[in-house]
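A short worksheet on the structure shown next.
The values are calculated or read from the model by the stated rules, or taken from the named source; none is laboratory data. Please read these numbers as outputs of a predicted model, since none were measured by experiment. Glycine also receives a Cβ, built like all others from the backbone with ideal geometry; neighbour counts cover every protein chain displayed.
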Amino acid sequence: MSELTFSIQNKSSADTKVILASGSAFNAGKFINTDETTALKNAVRKQKFDGKAGSFAEINNGKTRIILAGTGSKPSALDLQILGGKLYKKISAAENAAIYLPADKKNSLSADETAAALALGMELGGYRFDKYFTKKPADSFPKLEKVDFVSETRADGSLLADAGALANAVRYARDLCNEPANNLTPEIYAADIERLDYLGIDVTVLNEDKIHDLGMDMLLSVAKGSVNAPRVAVLQWKGRKDQKEFDIGLVGKGVTFDSGGISLKPAANMGDMKGDMTGSAVVVAAIKAAALQKLPVNVVGVVGLVENMPSGSATRPGDIVRSMSGQTVEVVNTDAEGRLVLGDCLWYIQEKFGVKTIVDIATLTGSTMMTFGFEYAGLFANDDKLAARLIECGEITGEKLWRLPVNADYDKLIDSDVADIKNTGPRLAGGITAACFLQRFIKNGVKWAHLDIAGVDKDDKGHPLTPKGATAFGVRVLDTLLKKLA
């Protein structure tokens, strides 16, 4: 799917027309003629249209297709995004379409906000990853390219560009996550990130020698079994040129393929482990969104890119490695590798950039997925205000977060008998002890939150905003957070 073109107009000649309605009665203004209005009212009665969110009624007179789309009463931006995702499937066969935004005093959203929400939903709902198909039926490719919003009230489309920018970033993250591991090695991935400098993002890629010189031996230990060398990518967006400090730091896990290493995973569904780099894609995409929207915020992102493979040179269970922080770690299980990557990246972002607020994101533990299934991501934090703000961002975007504890009772479970820390605790509370591991690399006074997105990173059923495959869960949460900081 190519990106759609959206605009707000006074009128439109599109052959496919959509009218929003919060009930069975509707206002079409001059958008459709008298005969079409009468036919549509008959369709409302025959098709039992009630205006509830996601309900539809339609007519087709051979020249014009007219669809009545139910919004429900007082829809939120998220409600309209979901409607946009559903609507895209109904109108994607048209080359262009027009959506009528009637004046509704009951609606808490402006015409600009309504248009932006629908546009974002259509862009996200219309996503597909089909680059590797060699043969597909011609009718499987959508024709829709242009959507006009026709408004009764004053609207300038000022929010449409931001919606397009965010959609672009989410789709970019999904593309990265859907790529097979043979075509997204750490080196290839880092080179792709470097291309974002055209947006004004300062991108630096650390090679294996530089990573070694920095003492990031935890991260290196994960990559030892692979022929593909590790990389660390650093992205800086400075939307506040007159401010030296960064408002926030973002850290993402970028394990481009996770076999489990010597602690080999079961063969079933191992192919899904190409998506174990989702956290890094979310961080990169959130910074891309900030740059596209020119957000007045200073944000730095660090993503550790490695491949976890078994071989004669791979790290063994029982090995002890030294972190960049100087703490030693007993590697009890080589499949608990993501926290090793994140630990060194967390320390690096504090040492190098002095950030005082950090959010890290990762497909970290099956334990968190067993807790929440495919509905919520786990949230861990050392600061109540940061946690509350992230939960609010999740409610706004529909990317739901639920907070779990990190405290001394859980932290002692990762004490090692032979080193400072062991990289995994007992089988129970695995998501929490993983978060406790990360917290050991957070300096005093630094506000920190960890998002464990295992389980919500992929959708096998399909949702109006997340078609089957990678979801890029977290991009919209971080985008909302950055806007609040801005």
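Quick look at the numbers
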item	result
Residues that are surrounded by fewer than 24 Cβ atoms within 10 Å (Cβ to Cβ) and closer than 14 Å to Lys143 by Cα, drawn from the stretch 93-102	Ala93, Ala94, Glu95, Asn96
Matching residues in the stretch 57-69 - criterion: being at negative phi and surrounded by fewer than 17 Cβ atoms within 10 Å (Cβ to Cβ)	Asn60, Asn61, Lys63, Thr64
Answer from Asp202, Asp209, Asp192 - the residue that is of a type in the set (Asp, Glu) and in contact with a strand residue (DSSP E or B) (Cβ under 7 Å, 6 or more places away or on another chain)	Asp202
Test: residue in the stretch 76-83 that is without any contact (Cβ under 8 Å) to a residue 40 or more places away in the chain, among the hydroxyl-bearing types (Ser, Thr, Tyr), within 24 Å of Val170 (Cβ to Cβ) and in contact with a helix residue (DSSP H, G or I) (Cβ under 9 Å, 6 or more places away or on another chain)	yes
Residue match in the stretch 430-443 (condition: free of Cβ contacts under 8 Å to residues at least 40 places away in the same chain, of a type in the set (Lys, Arg) and either surrounded by fewer than 17 Cβ atoms within 10 Å (Cβ to Cβ) or assigned by TED's automatic domain parsing to the domain that holds Ser367 (or both))	no
Any hit, the stretch 248-262, residues being acidic (Asp, Glu) and not in a loop (DSSP other than H, G, I, E, B)	yes
Strands (runs of 3 or more DSSP E) wholly inside the stretch 337-447 containing at least 3 residues that are hydrophobic (A, V, I, L, M, F, W, C)	357-362, 377-381
Lys90 being surrounded by 15 or more Cβ atoms within 10 Å (Cβ to Cβ) and either closer than 22 Å to Ala25 by Cβ or assigned by TED's automatic domain parsing to the domain that holds Pro464 (or both)	yes
Meets criteria (among the small types (Gly, Ala, Ser), in a strand (DSSP E or B) and either farther than 22 Å from Asp360 by Cα or touching a Lys or Arg at 6+ places or on another chain (Cβ under 9 Å) (or both)) for Gly271	no
Among (1) among the polar types (S, T, N, Q); (2) crowded, with 24+ Cβ neighbours inside 10 Å; (3) under 24 Å from Asp162 (Cα atoms), the one test that Thr256 misses	(3)
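Listed here are the residues, each with its yes/no results for (1) closer than 23 Å to Ala281 by Cβ; (2) within 18 Å of the chain's Cα centre (by Cα).
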{"position": "Leu346", "(1), (2)": "yes, no"}
{"position": "Ala362", "(1), (2)": "yes, yes"}
{"position": "Met370", "(1), (2)": "no, no"}
{"position": "Glu375", "(1), (2)": "yes, yes"}
{"position": "Gly378", "(1), (2)": "yes, yes"}
{"position": "Asp383", "(1), (2)": "no, no"}
{"position": "Arg389", "(1), (2)": "yes, yes"}
{"position": "Thr397", "(1), (2)": "yes, yes"}
